[in-house]
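J.: What follows is a single structure, and I will ask about it in a moment.
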Amino acid sequence: MEQLTQEIDTESQYLSQSKKAQELFKKKNKDYSTSWVHLRQTTHTDQIFIKVLRLRRIKEKKQQLIGDKIQDEYVAIYNYSIMAILRIRMKEL
């Protein structure tokens, strides 16, 4: 395992993907403003669940009907997760 992590700089790859997710979040935030703040906590959970089910269907059926990239679905899950965490923190304030 150590050899694998030496060959692949996972930390920089993680940061790169996080940056891409953040850029998408900023873009969507320009389009939709902070409307996600007004969504119920369960809405974020539902969106994550929908994305996970879609990924599972693609994996099981080995076919993709919608043109979205699989990687984009994971980015969406990442961003919905961040939104859910932020909503939890807002309730704590």
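The values are calculated or read from the model by the stated rules, or taken from the named source; none is laboratory data. The structure displayed is predicted, hence computed values, not measured ones. Cβ sites come from the backbone with ideal geometry, for glycine too, and all protein chains shown count toward neighbours. Just the protein is used for accessible areas: all its heavy atoms, side chains included, with ligands, DNA and RNA removed. Shrake-Rupley method; radii C 1.70, N 1.55, O 1.52, S 1.80 Å.
J.: When you check Ile58 against the structure, is it surrounded by 13 or more Cβ atoms within 10 Å (Cβ to Cβ) and touching a residue at least 24 places away in the same chain (Cβ under 8 Å), yes or no?
T.: No.
J.: Can you say whether Ala21 is open to solvent by less than 100 Å² (accessible area, probe 1.4 Å), among the small types (Gly, Ala, Ser) and touching a His at 6+ places or on another chain (Cβ under 6 Å), as far as the supplied structure shows?
T.: Numbers: open to solvent by less than 100 Å² (accessible area, probe 1.4 Å): yes; among the small types (Gly, Ala, Ser): yes; touching a His at 6+ places or on another chain (Cβ under 6 Å): no.
No, not satisfied.
J.: Collect the residues in region 34-52 that are loosely packed, with under 10 Cβ neighbours inside 10 Å and either more than 14 Å from Leu86 (Cα to Cα) or not hydroxyl-bearing (Ser, Thr, Tyr) (or both), keeping them in residue-number order. Break it down into steps so the answer makes sense when it comes.
T.: Residues of region 34-52 that are loosely packed, with under 10 Cβ neighbours inside 10 Å, as a first pass: 34, 38, 40.
Result: His38, Arg40.
J.: Then there is this: Taking region 33-87, which residues are of a type in the set (Phe, Trp, Tyr) and more than 12 Å from the chain's Cα centre (by Cα)?
T.: Within region 33-87, Trp36 is the sole residue that qualifies.
J.: Continuing with the same structure: Out of Gln63, Gln71, which single residue is among the polar types (S, T, N, Q), without any contact (Cβ under 8 Å) to a residue 12 or more places away in the chain and assigned to a helix (DSSP H, G or I)?
T.: After applying the criteria, what remains is Gln71.
J.: All but one of (1) open to solvent by 70 Å² or more (accessible area, probe 1.4 Å); (2) modelled with pLDDT of 85 or more; (3) of a type in the set (Gly, Ala, Ser) hold for Ser16, so report the exception by its number.
T.: (1)
J.: Tally time: how many residues in region 48-67 are out of contact with any Ser or Thr (no Cβ under 9 Å at 6 or more places or on another chain) and either hydroxyl-bearing (Ser, Thr, Tyr) or closer than 21 Å to Ser35 by Cβ (or both)?
T.: Adding up the residues that qualify gives 3.
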